[in-house]
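The values are calculated or read from the model by the stated rules, or taken from the named source; none is laboratory data. Fair warning: this is a prediction, and the values are worked out from it, not measured in the lab. Because the Cβ atoms are built from the backbone with ideal geometry, glycine has one as well, and the counts that use them run over all protein chains shown. Quick note on the areas: whole protein, heavy atoms, side chains included, nothing else; ligands and nucleic acids left out. Shrake-Rupley method; radii C 1.70, N 1.55, O 1.52, S 1.80 Å.
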Amino acid sequence: MAELFIFSKNRIDEHTEKVGVDIRPVIECKLEQTKLFDFGRKLVDKHPNLFESLVQSPTDFHIRKKFIFPGKGEADLATLGITQRGLAFIFPRKVGIFEEETELNAVGEVVLGCLKIFRGVFPEKKVFRVGLVNEYIFNTGLLESTRLVSERFTKLLVPPDGEITIVVNRPTDDYNKRIQLEAVRRIEPIPEIPSRAQTKNYGVKVIVDFNNRDMSGDMDEGNILAVLHEAQQYNDKDLYEFLNGSGGEN
């Protein structure tokens, strides 16, 4: 049945969008605490539905948001962080544990506004790369995902209790398109035997990192929007052609 499985949007159990922004000179949390706090406070004021609580120390700075799903629970999630490369904006789109989607604005609209605030607080820093990273988990039901991934994308034989991860970059002249596929499973406890667990269903984790290859200069709003637009177009169509073995991506 592996050859008949079709990846589609309605099979997505979990989905997170991230926008990574490479910044130079690097952001130094210890030396720039005041500026980072000012930046974070302005983001909370502008986008309270995404940014809520500032968490800061000499070695770390990030922003969190508590997402509440009435009748189901709440999830306290990081929505912005500082990495060695720069900024990481995080948009939880579908929270798998609650099977609920969030209502957040498009990444382009939010990121451009946030970067305008960032440049105002840090005028000396420049943007050299922007990448849209989509992380999905596709539910394959009772179809063993190790078998699905190994048969569709390799010639390897992987047993059901084995592991498989595939990483490939399919670049163009302008963009990197790095795709990672990993066979995963959802485990749940057995009520009658508390010390044991069973597989509830199988899935394929897919991570798509789409970013610009040219890092020769400071990116303006037009350059940033172009990357995000092309990345979104790829995720909406070409990704599924690649996953399903059809179209020009294979």
Run the numbers for residue 124 and residue 26: contour at 0.36 nm per residue of separation, minus the present Cα-Cα distance, in nm.
34.2 nm
Here Rg/Rh (Cα, Kirkwood) for the range 123-250 equals 1.11
To the nearest 20 debye, the range 21-77 has a Cα-centred charge dipole, built from +1 on Lys and Arg Cβ and -1 on Asp and Glu Cβ, of 140
With N set to the number of residues, divide the alpha-carbon radius of gyration of the range 1-122 by 2.2 N^0.38 Å and report two decimals.
1.21
Which shape class, rounded, prolate or oblate, goes with the range 83-134 when its Cα gyration tensor gives a ≥ b ≥ c as root eigenvalues, a/c under 1.5 marks rounded, and past that a/b bigger than b/c marks prolate?
prolate
Top to bottom by accessible area (1.4 Å), largest first, where do 125, 42 land?
42, 125
Stokes-Einstein D (µm²/s) once Rh is taken as the Kirkwood radius of the range 1-61 over alpha-carbon pairs, at 25 °C in 0.890 mPa s:
162
Under a Cβ-Cβ cut-off of 14 Å, what is the net charge of the residues other than residue 27 that fall near it, where Lys and Arg count +1 and Asp and Glu count -1?
+1
All-pairs alpha carbon distance profile, the range 174-222, 10 Å steps from 0, percent:
20, 26, 18, 16, 12, 7, 0
Determine the dipole magnitude for the range 121-210: charges of +1 sit on the beta-carbon of Lys and Arg, -1 on that of Asp and Glu, nothing else is charged, the reference point is the Cα centre, and the result goes in debye to the nearest 20.
160
May I ask for the equivalent-ellipsoid semi-axes of the chain, computed as the square root of five times each C-alpha gyration tensor eigenvalue and listed largest first in whole Å?
34, 24, 15
First compute the accessible area of the chain with a 1.4 Å probe, then give the percent of it belonging to carbon and sulfur atoms.
50
On the full set of protein chains, 1.4 Å probe, figure out the accessible area of residue 173 and give it in Å² to the nearest 10.
140
Net charge near residue 16 (other residues with Cβ under 14 Å of its Cβ; Lys, Arg +1; Asp, Glu -1) is -2
Using a 1.4 angstrom probe, figure out how much accessible area the chain has per residue, in square angstrom, rounded to the nearest whole.
53
Placing +1 at every Lys and Arg Cβ and -1 at every Asp and Glu Cβ, with all other atoms neutral, what dipole size does the chain have around its Cα centre, in debye to the nearest 20?
380
For q = 0.26 Å⁻¹, what log10 I(q)/I(0) does the range 59-114 give under the Debye formula with an equal point scatterer on each alpha carbon and no solvent?
-1.11
